[in-house]
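Have a look at the structure below, then the notes.
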Amino acid sequence: MKIYISGLYSGTNPQPGIGIARSLRQAYPQAELIGVEYSNRCSGIHWQDFDEITLHRPWDELNLDAHAREIKRVLDSGALWVSSIDLEIMWFASLFPEGHPNLLTPPLSALNQVGKPAIPAHEYLPVKIPTFVTTELSDWDLHAFCREHDWKVWLKGPYYEAVKVHGWGGFQDMRGILSSAWATDKLFLQSHVSGYEESISLSAYQGELLDCIRMRKRDLTELSKTWAGDVSEVEEEMLVPLREMIRQINWTGGAELEMVRDADNQLWLLEVNPRFPAWIHGSTITGRNIPAALIEGATGVRAQKSIATGEEFTRVVLEIPVRGEYPLSPLPEPFGGAIGHSLKHPSGLLQFANRLHKLDFDNGQVSNGNGNKSKNQPTIIPETFVDDLAAMDFSEMQTPASLFLKTTAADYFARAATLSKELSTDEIEVINAYSFKTNPDDRLVKLAHDSGFFAEAISLLEVKKALAAGFKPEQIILNGPAKWWRRETLSDASFYTIFCDSIEELNRVIAEVESGELKTEFLGIRIRTPNIRSRFGIAIDTPETFETLLEAVKRIPKQCKFGVHFHMASANVGVGNWWHLFESILRWCGSIEALSGRLIEILDVGGGWFPEDLGKNSGEKFRKAIELIPEFLPNVKRIFSEPGKALAQPSMAVAMQILEIRGQNDGWQEVVVDGSIAELPMYFFYPHRILCQDGKNGGWKSLDRGKTQLLGRLCMEHDIVASNVELPETAEVGDILVFCDAGAYDRSMSYVFGRG
Ligand SMILES: *Cc1c(COP(=O)(O)O)cnc(C)c1O
């Protein structure tokens with residue numbers, strides 16, 4: 001019996017070849033095991049269970065046709081082949097679409113049934129698939145996906161590789177790295193599922209399930225790979241459908257179903273790998289030799305029984321002698337310290353993936369990834385943007401210029417006003433308070449005033465401005481940690497409410513109210529959100545801090561009514577998290593009310609909303625939230641929302657001009673513009689929709705994704721205002737580009753730089 005085993009990489013993210021060899025050696029002591037590798041840097045070639053090693057050129061240099069002929073000859077000669085390289089398995093499926101009796105990997109149609117991320121075969125099993133989207137969506141929609149899933153999302157490559165997304169900037173960086181490594185724009189984003197990780201490993205031959213076990217990961221490496229696990233039977237309710245699935249999709253070879261079991265005991269299927277897992281020998285030492293079952297099923301030759309030595313396994317690192325005929329590679333040239341993919345895939349697998357794209361091999365054949373034929377989807381532009389731009393004259397404009405989108409701004413304020421009316425009930429009035437600091441532009445302030453908003457200020461200078469703009473003192477909400485800065489600005493202070501940011505401030509304000517120096521209808525507190533890090537508000541998460549707070553609240557003078565404010569940006573923590581937090585705050589407030597004896601009559605939920613999220617589904621979530629309030633806080637009469645960027649962000653744009661168009665290099669192009677991150681300081685935090693004018697009809701359309709970088713005018717390395725766009729072919733020097741969504745902190749925090 002001669003068995004070829006390919007995929008011997010044995011670093012911290014190992015391939016299964018060694019584990020397969022160890023298991024087969026136990027079951028078939030006399031078999032000839034031949035290790036196959038494509039790099040002498042895969043340390044597994046030195047493993048003693050291999051009788052022989054076949055070392056090929058790396059994938060990027062290999063003559064694929066000759067290699068294919070050689071493999072056919074090997075299989076026809078009666079030898080078996082077990083592959084543990086995902087890409088090799090896909091390539092085999094294209095060489096042998098119907099399989100080969102001695103090739104112990106799945107045929108093409110079976111492989112298509114387990115393609116990521118949809119995994120069609122999951123229909124047979126009692127599992128769910130975590131929500132995912134293709135990265136061909138516009139940046140605008142990808143950002144929305146991340147917010148909706150609380151930024152707990154994974155960016156996944158077309159075949160393998162998954163990285164956790166850390167913020168928008170982190171996402172853009174990783175997308176760039178994965179896209180260029182895999183030569184495709186077609187990656188996907190998938191929501192994270194919290195729970196315990198477990199796997200099913202199985203072997204099957206021509207649609208017959210031969211053996212399977214369940215393994216729970218008990219310890220993980222930094223890359224979330226198994227380091228220790230326990231092995232048990234697959235339970236009946238999974239086993240029966242699994243057997244049916246294997247029959248229906250006609251599987252051959254090993255497989256691993258990677259899953260997460262959530263707190264409700266629901267299984268989520270993350271991936272089906274078309275091969276044994278790297279920890280497979282961990283199953284063998286518990287008495288279940290899954291690779292041996294495959295060989296036995298394919299050949300009918302009885303395997304020696306494995307002896308169970310426990311139900312749990314762990315891994316260690318071993319030093320082994322290097323084979324004399326394959327000495328270590330010479331030391332490399334001193335190397336710049338870069339961390340490249342080449343270290344992780346020494347056999348040139350990435351290049352192999354790219355060769356497969358070029359061969360058009362995955363042209364609809366294998367659904368995994370589907371190569372570089374991506375179809376990026378356009379950004380949808382609101383009509384009011386286009387209307388507002390149509391009314392502007394760009395010919396005389398000094399760029400970079402801030403553009404006020406008049407109808408857009410009016411539209412957003414009107415919608416917010418309508419929403420608060422619709423959400424108000426007989427018991428609770430919903431009121432908007434415009435956050436001045438987000439953008440104190442007079443036009444926005446006027447819109448807020450005319451729309452019946454209150455004014456939310458974080459400094460007395462902002463209060464002064466609000467009063468000058470026509471807000472009444474009883475419409476002013478004072479907030480923030482430094483609200484008494486420039487105290488002299490306001491001699492006769494009177495407010496609707498003051499929310500104190502600390503116990504110290506609360507004590508001071510109580511004293512001033514008692515002495516008559518300050519007047520305010522409400523005196524409240526901002527509470528620090530439990531479990532989410534924040535520098536603002538009064539902590540409540542230990543019995544001691546909570547006790548201190550209660551003592552202070554009890555001292556609030558009776559002439560003031562009491563309220564509570566909390567604020568956590570949903571755009572940052574995610575929309576789901578925000579609602580979770582809201583409920584938890586209601587519970588805390590219920591305790592404050594009960595234990596302090598002070599009634600909570602107003603609740604202020606802060607700002608931090610992304611424009612699209614605030615009124616999503618006509619504010620259906622808000623409606624439910626407002627219905628919930630009386631359950632916990634029966635005395636609340638008014639609830640305040642403090643939108644800042646939700647209204648200001650779409651209200652302004654930045655126009656800039658193209659200064660220079662440089663030649664293309666390998667498809668990549670650099671274009672210099674006269675705008676910069678000084679006018680777009682939020683560039684790194686969320687996507688901006690970019691518009692250009694059609695050369696022919698002058699209409700505005702959004703830039704597609706592509707290989708052009710827009711370099712800002714500043715002499716600073718990081719002044720790149722867009723890194724993944726495509727300009728129209730007609731673009732020329734002097735053309736105007738409009739960066740939308742720049743009306744909030746882009747505007748208020750923009751700075752003067754490089755202007756002499
Ligand atoms: C900044 C701020 C807001 C507005 O936040 P946005 O992110 O602009 O929506 C609301 N309330 C308070 C107290 C603030 O400090």
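The values are calculated or read from the model by the stated rules, or taken from the named source; none is laboratory data. Since this is a predicted model, take the numbers as computed values, not measurements. Glycine gets a Cβ as well: all are built from the backbone with ideal geometry, and neighbour counts include every protein chain shown. Note: areas computed on protein heavy atoms with side chains; ligands, DNA, RNA excluded. Shrake-Rupley method; radii C 1.70, N 1.55, O 1.52, S 1.80 Å.
Within region 218-245, the set of residues being surrounded by fewer than 19 Cβ atoms within 10 Å (Cβ to Cβ), in a strand (DSSP E or B) and within 27 Å of the chain's Cα centre (by Cα) comprises Arg218, Asp219, Leu220, Trp227. If Pro611 meets every condition in (1) farther than 16 Å from Glu551 by Cα; (2) away from the ligand (no atom under 16 Å from the Cβ) apart from one, which number is that one? Evaluating Pro611 over (1) farther than 16 Å from Glu551 by Cα; (2) away from the ligand (no atom under 16 Å from the Cβ) leaves (2) as the failure.
Candidates are the residues of region 287-326 that are touching a His at 6+ places or on another chain (Cβ under 9 Å) and outside any loop (DSSP other than H, G, I, E, B); the one that is nearest to Phe50 (Cα to Cα) is Pro291. So for region 610-619 (the condition being within 16 Å of Asp501 (Cβ to Cβ), in a helix (DSSP H, G or I) and open to solvent by 20 Å² or more (accessible area, probe 1.4 Å)), does at least one residue qualify? Checked region 610-619: no residue is within 16 Å of Asp501 (Cβ to Cβ), in a helix (DSSP H, G or I) and open to solvent by 20 Å² or more (accessible area, probe 1.4 Å). When the test is whether a residue is among the polar types (S, T, N, Q), more than 25 Å from Glu429 (Cβ to Cβ), surrounded by 15 or more Cβ atoms within 10 Å (Cβ to Cβ) and touching a residue at least 12 places away in the same chain (Cβ under 8 Å), Ser534 passes it. Restricting Ile71, Ile20, Ile89 to residues that are among the hydrophobic types (A, V, I, L, M, F, W, C), in the same structural domain as Val272 (by TED's automatic domain parsing) and free of Cβ contacts under 8 Å to residues at least 60 places away in the same chain narrows the list to Ile71. Under 7 Å between Cβ atoms, which residue pairs at least 6 apart in sequence (or on different chains) link something in region 502-527 that is more than 16 Å from the ligand (Cβ to nearest atom) with a partner that is of a type in the set (Lys, Arg) and open to solvent by 40 Å² or more (accessible area, probe 1.4 Å)? Between residues of region 502-527 that are more than 16 Å from the ligand (Cβ to nearest atom) and residues that are of a type in the set (Lys, Arg) and open to solvent by 40 Å² or more (accessible area, probe 1.4 Å), the close pairs are Ile510/Arg555; Glu521/Lys561. The residues on offer are Lys561, Lys621, Lys554, and the sole one that is away from the ligand (no atom under 15 Å from the Cβ) and touching an Asp or Glu at 6+ places or on another chain (Cβ under 6 Å) is Lys561. Considering region 114-180, the qualifying strands (runs of 3 or more DSSP E), each wholly inside and each with 2 or more residues that are surrounded by 20 or more Cβ atoms within 10 Å (Cβ to Cβ), run over 153-156. Of everything listed in (1) farther than 30 Å from Ala455 by Cβ; (2) within 16 Å of the ligand (Cβ to nearest atom); (3) among the aliphatic types (A, V, I, L, M), the single unmet condition for Met652 is (1). Residue count for region 558-606, restricted to those that are under 18 Å from Leu478 (Cβ atoms) and open to solvent by 10 Å² or more (accessible area, probe 1.4 Å): 4. From the list Ala594, Ala571, the lone residue that is within 10 Å of the ligand (Cβ to nearest atom) and either part of a helix (DSSP H, G or I) or on the phi < 0 side of the Ramachandran plot (or both) is Ala571. Is it the case, given these coordinates, that Asn577 is at negative phi and either within 16 Å of the ligand (Cβ to nearest atom) or touching a helix residue (DSSP H, G or I) at 6+ places or on another chain (Cβ under 7 Å) (or both)? Yes, satisfied. Counting only residues that are assigned to a strand (DSSP E or B), farther than 23 Å from Pro58 by Cβ and open to solvent by 10 Å² or more (accessible area, probe 1.4 Å), region 2-45 holds 2 of them.
State whether one or more residues within region 531-546 are under 30 Å from Ala414 (Cβ atoms) and within 15 Å of the ligand (Cβ to nearest atom). No, the conditions are met nowhere in region 531-546.
Figure legend. Inter-residue proximity from region 458-473: first residues closer than 13 Å to Glu488 by Cα and within 16 Å of the ligand (Cβ to nearest atom), second residues open to solvent by 40 Å² or more (accessible area, probe 1.4 Å) and in a helix (DSSP H, G or I), beta-carbon distance below 7 Å, spacing 6+ or different chains. Indicated pairs: Leu460/Arg487. Does region 159-180 contain any residue that is among the basic types (Lys, Arg), over 30 Å from Lys2 (Cα atoms) and outside the structural domain of Leu242 (by TED's automatic domain parsing)? Taking every residue of region 159-180 in turn, at least one turns out to be among the basic types (Lys, Arg), over 30 Å from Lys2 (Cα atoms) and outside the structural domain of Leu242 (by TED's automatic domain parsing). Beta carbons closer than 6 Å, at least 6 apart along the sequence or on distinct chains, pair a first residue in region 479-498 that is within 16 Å of the ligand (Cβ to nearest atom) with a second that is modelled with pLDDT of 95 or more and open to solvent by 70 Å² or more (accessible area, probe 1.4 Å) for Tyr496/Glu474; Tyr496/Glu521. Every condition in (1) closer than 23 Å to Ile639 by Cα; (2) open to solvent by less than 40 Å² (accessible area, probe 1.4 Å); (3) not hydroxyl-bearing (Ser, Thr, Tyr) is met by Lys519 except one, and the failing one is (2). Is it true that Phe394 is of a type in the set (Phe, Trp, Tyr), more than 16 Å from the ligand (Cβ to nearest atom) and open to solvent by less than 40 Å² (accessible area, probe 1.4 Å)? When the stated conditions are applied, Phe394 passes them. Note on region 675-732: residues that are out of contact with any helix residue (DSSP H, G or I) (no Cβ under 9 Å at 6 or more places or on another chain), buried (at least 18 other Cβ atoms within 10 Å of the Cβ) and in a loop (DSSP other than H, G, I, E, B) total 10.
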